[in-house]
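The values are calculated or read from the model by the stated rules, or taken from the named source; none is laboratory data. No experiment lies behind these values; they were computed from the predicted model shown. All Cβ positions, even for glycine, are placed from backbone atoms using ideal geometry, and neighbour counts span all protein chains on display.
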């Protein structure tokens, strides 16, 4: 069964706008990761945020984590057509147990 | 490093045939994961290995599926006999410290 659920399932925006995707999960986690998948390709790791962190930045990406609400958000600022892809959150329970499970993803389309 | 290498990239077979998917993880990584991706069910974790030992195979759908990791540089996922509902993209990923590195996937079509 999937641990995380992304919201929305699909998002279409104009180039230059910001894109926000949300992820909710059910059980305690050690970390939460975001991945990107271009059509027909494997997933690529974007960012990892640990359970004791609240916010993390990487370039145009900003991730927040609220463990009390069991939710995370991924913000892509100043989106580009090349950001068009599916985005997945993944959770790992940690404690040496690396079972990483994924949500069903948000399909982002950035219109030039 | 060449990254995670999967083969074949595409496989078309007939129902009842045996299918073997192969994966070479990144050298030095100690965890290996097999996932299946379909439109209906998303990314499902089938099995994962740590230091070549299967740790959790609860996601393997049924006895027709089996996975092995005879050494740190090679793993196989076998389906015998295959069925049309096994059609999917199968991904292998390896990890050392939490971040997963994925291969490009093996797209399986069972007719």
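Things worth noting here:
- Subset of segment B:13-28 [within 16 Å of the chain's Cα centre (by Cα) and surrounded by fewer than 18 Cβ atoms within 10 Å (Cβ to Cβ)]: B:18, B:20, B:22
- Considering the conditions (1) over 19 Å from residue B:97 (Cβ atoms); (2) surrounded by 13 or more Cβ atoms within 10 Å (Cβ to Cβ), residue A:69 is excluded by exactly one of them, (2).
- Qualifying residues in segment A:78-112 (those that are out of contact with any strand residue (DSSP E or B) (no Cβ under 7 Å at 6 or more places or on another chain) and either away from every other protein chain (no Cβ under 14 Å) or touching a residue at least 24 places away in the same chain (Cβ under 8 Å) (or both)) - the one farthest from residue B:56 (Cα to Cα): A:112
- All strands (runs of 3 or more DSSP E) inside segment B:7-111 with 1 or more residues being over 25 Å from residue A:49 (Cα atoms) and away from every other protein chain (no Cβ under 14 Å): B:10-13, B:19-24, B:65-71, B:74-79, B:106-110
- Filter pass, residue B:98 being over 12 Å from the mean Cα position of the chain (by Cα) and under 20 Å from residue A:30 (Cβ atoms): yes
- Selection within segment A:80-101 - assigned to a loop (DSSP other than H, G, I, E, B) and modelled with pLDDT of 95 or more: A:80, A:84
- One residue stands out in segment B:37-67 among those that are surrounded by 14 or more Cβ atoms within 10 Å (Cβ to Cβ) and without any contact (Cβ under 8 Å) to a residue 12 or more places away in the chain: the one that is nearest to residue A:105 (Cα to Cα), namely B:42.
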